[in-house]
1. Search the structure for amide H atoms under 5 Å from the amide H of S133, placed 1.01 Å from N in the peptide plane, and list their residues when 5 or more places away or on another chain.
2. Calculate the tail of P(r) for region 87-204: the fraction of all Cα-Cα distances greater than 21 Å, expressed in %.
3. Sort the following peptides by mean Cβ neighbour count (other Cβ atoms within 10 Å, averaged over residues), highest first: 71-81, 46-56.
4. Percent of alpha carbon pairs in region 137-204 separated by more than 18 Å?
5. Sequence-distant or interchain residues sharing an amide H contact under 5 Å with N32, placed H: which?
6. Per residue, how much accessible surface does the chain expose to a 1.4 Å probe? Answer in Å², no decimals.
7. Which number do you get for Rg(Cα) / (2.2 N^0.38 Å) in region 48-91?
8. Express the relative contact order of the chain as a whole percentage, based on alpha carbon pairs under 8 Å and six or more residues apart in sequence.
Amino acid sequence: MTKLSFAHAQDAIVAVGRWLDGKGWAPATAGNYSVRLDDGSFAVTVSGRHKGRLTPDDVMRVDARGQSLDGKKPSAETALHLALYRMFPDCGAVLHSHSPAAVGLSRATPADGYVLAGHEMLKALPGIDTHDSAVTLPIVDNSQDMAALDAAIAPRLLEPGAIPAYLIRSHGLYGWGRDMAEAERVVEAVEWMIAAELAERSFR
């Protein structure tokens, strides 16, 4: 796990916001991003900011309980980020994207998960070294109650073979990693596989 200073985290979050917005995965003010800091606090995006136009001032610090350390207002979903940091001590960064493909797949899938199998891109996920693999991307129903949402998804993230990603139905994708680079790779790989699955359906 890589921990960053607040200044380095600000730069990393600004850059990832522009990257995700450039892919169409951060429409309007959607999405939120965070990094574990070297002092034990967390850098998170300020609520209501357009992620493609972030500046360092749009990144704030919260403590482990999600309380603001600088008077700014964090995203309501900060609690979901902090739950992942508690659950996975090696987690160093969390990203939440809102692509049309991910939202569409979650709405079109009534089950509580979607199997991704046979994709070369599976090898971009931690611990997977062959395309001849199958993983389940969990899907949890959306809720404005962050505690209830966390309680619904947490057990599934601790199952053997679980990947560092899940979908909130009608909402978007969460992905995380040991550092920002790994979190980006997880999100990009899962988003790509989702898009490929939907493209395959269109040819049937």
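1. Close amide H contacts, sequence-distant or interchain: G118, H119.
2. In whole percent, the share of Cα-Cα pairs in region 87-204 beyond 21 Å is 33.
3. Top of the packing list down: 71-81, 46-56.
4. Above the 18 Å cut-off, region 137-204 has 46 percent of its Cα pairs.
5. H96
6. 45
7. Taking the Cα Rg and dividing by 2.2 N^0.38 Å, one obtains 1.24.
8. It comes to 20 percent, rounded to a whole number.
The values are calculated or read from the model by the stated rules, or taken from the named source; none is laboratory data. Given the structure is predicted, the values throughout are model-derived calculations rather than measurements. Because the Cβ atoms are built from the backbone with ideal geometry, glycine has one as well, and the counts that use them run over all protein chains shown. These area figures cover heavy atoms from the full protein model, side chains too; ligands, DNA and RNA do not enter into them. Shrake-Rupley method; radii C 1.70, N 1.55, O 1.52, S 1.80 Å.
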